[in-house]
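What follows is a set of notes on a single structure, which appears directly below.
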Amino acid sequence: MKIKSMNHKLLKTLLIGLTLCSLFSMSSMVTQDEQSAFSKEVQKLIDSGISKDDIKDYLRSHGYANDIVGGTQALKEAEASGYFNNSNSSTPATTTTATPAPSATPTPTPKHEHKYSVKLTKDPTCYEEGTLTYTCDCGDTYEEPVAQLEHQYTDTVTKEPTCTTEGERTYKCSLCGDTYTEVIEAKGHMDGQFIITKEPTCTEPGEKTVYCKVCNEEIRTESIDPTGHENTDTRLTPSGLFSAGKEEIYCLKCMKVLETRVIPVPVWHYVVFGIGVTIILIILIAVWIGRIAHKK
Ligand SMILES: [Zn+2]
Ligand SMILES: [Zn+2]
Ligand SMILES: [Zn+2]
Ligand SMILES: [Zn+2]
């Protein structure tokens, strides 16, 4: 009887202990299965290229920092909705294969995985972005912008410039039709033929009028440099008995004397003249002396 009642007491305490234990574990403890499901989900996300920090940030910002059960479910949902695909995960996708936890048990597959079809719901223009809409059969949608287009301008000359007036070039966008114009500078006259209105001389400049090659308008009057004395010749005036001669270089075109060189009287002119005068004087003196002698 005594033993029986003792057994009863033991059973009672065991039962109470077990209930307390299970209650305690339900409220604050995490079972090994739950822990394993969480680490498996985290590992799966890391394998798909999401950084540990991104996962931690997500859990913290959604209030699951200390709630593994809620966190596991939240991570699954975030992954299925493409949340991590859109976040700027800085770590590249790793190629290492997942190493399952030793005590891992197969996790239940999520009820619904979004499968989005893409549609261009707004064409991009030269002024605005377009829109791509992703839609899942479940009704979940999200949008992505399509880059704005750039104007594709082609240009044509809509007004030809002349020598003195400006022209115009028009640019038109082949996508939106936008246009703008640009001024083409006047081409300016081009030197063409000229007419000499005054011939230059050896020393005096001449004048010519230049006309435009394109429009034939008179552009300007230019002076023509003097030609300078071109062909020269030498004229010789020989010296006389006592007069000096000269040598002149003159221009054959304008006959102007350019250079004169004096030719002096040769010395022998004076020598011969002196000897002649001396002989005559001697003869005269001799005749004069002869006359005086004859008178005596
Ligand atoms: Zn869906
Ligand atoms: Zn455009
Ligand atoms: Zn011209
Ligand atoms: Zn000359």
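Which one of these is loosely packed, with under 12 Cβ neighbours inside 10 Å, over 30 Å from residue 255 (Cβ atoms) and more than 16 Å from ligand 4 (Cβ to nearest atom): 175, 149, 132, 120?
120
Which condition from (1) modelled with pLDDT of 95 or more; (2) away from ligand 1 (no atom under 16 Å from the Cβ); (3) polar (S, T, N, Q) is the one that residue 107 breaks?
(1)
Select from segment 178-199 the residues that are surrounded by 15 or more Cβ atoms within 10 Å (Cβ to Cβ), over 23 Å from residue 224 (Cα atoms) and hydrophobic (A, V, I, L, M, F, W, C) and list them in ascending order.
184
Got a number for residues in segment 44-74 being assigned to a helix (DSSP H, G or I), surrounded by 15 or more Cβ atoms within 10 Å (Cβ to Cβ) and polar (S, T, N, Q)?
Qualifying residue count for the region: 2.
Take segment 123-150 and flag every residue that is of a type in the set (A, V, I, L, M, F, W, C) and more than 16 Å from ligand 2 (Cβ to nearest atom).
Hits for segment 123-150 are 132, 136, 138.
Looking at 260, 237 in this structure, which one is more than 30 Å from residue 159 (Cα to Cα), free of Cβ contacts under 8 Å to residues at least 40 places away in the same chain, more than 16 Å from ligand 4 (Cβ to nearest atom) and among the polar types (S, T, N, Q)?
237
Please identify the pairs in which a residue from segment 61-76 that is in the same structural domain as residue 36 (by TED's automatic domain parsing) has its Cβ atom under 9 Å from the Cβ atom of a residue that is assigned to a loop (DSSP other than H, G, I, E, B) and charged (D, E, K, R), counting only partners at least 6 apart or on another chain.
The qualifying pairs are 74/67.
Of these, 202, 212, which one is within 30 Å of residue 261 (Cα to Cα), surrounded by 14 or more Cβ atoms within 10 Å (Cβ to Cβ) and not assigned by TED's automatic domain parsing to the domain that holds residue 248?
On inspection, the qualifying residue turns out to be 202.
Do we find a residue being assigned to a loop (DSSP other than H, G, I, E, B), out of contact with any Asp or Glu (no Cβ under 7 Å at 6 or more places or on another chain) and over 30 Å from residue 166 (Cα atoms) anywhere in segment 266-285?
The answer is yes; a qualifying residue exists.
From 195, 219, which residue is within 25 Å of residue 167 (Cα to Cα), β-branched (Val, Ile, Thr) and not assigned by TED's automatic domain parsing to the domain that holds residue 162?
The unique qualifying residue is 219.
Residue-wise test of (1) away from ligand 2 (no atom under 16 Å from the Cβ); (2) in contact (Cβ under 8 Å) with a residue 24 or more places away in the chain.
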{"residue": "152", "(1), (2)": "no, no"}
{"residue": "162", "(1), (2)": "yes, yes"}
{"residue": "165", "(1), (2)": "yes, no"}
{"residue": "174", "(1), (2)": "no, no"}
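One line per residue, one yes/no per condition, for (1) farther than 30 Å from residue 199 by Cα; (2) among the small types (Gly, Ala, Ser); (3) assigned by TED's automatic domain parsing to the domain that holds residue 202:
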residue	(1), (2), (3)
239	yes, yes, no
254	no, no, no
259	no, no, no
276	yes, yes, no
279	yes, no, no
286	yes, yes, no
290	yes, yes, no
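The values are calculated or read from the model by the stated rules, or taken from the named source; none is laboratory data. Predicted model, so just to flag it, every value in this text is computed and none were measured. No Cβ is skipped: glycine too gets one built from the backbone with ideal geometry, and neighbour counts run over all protein chains shown.
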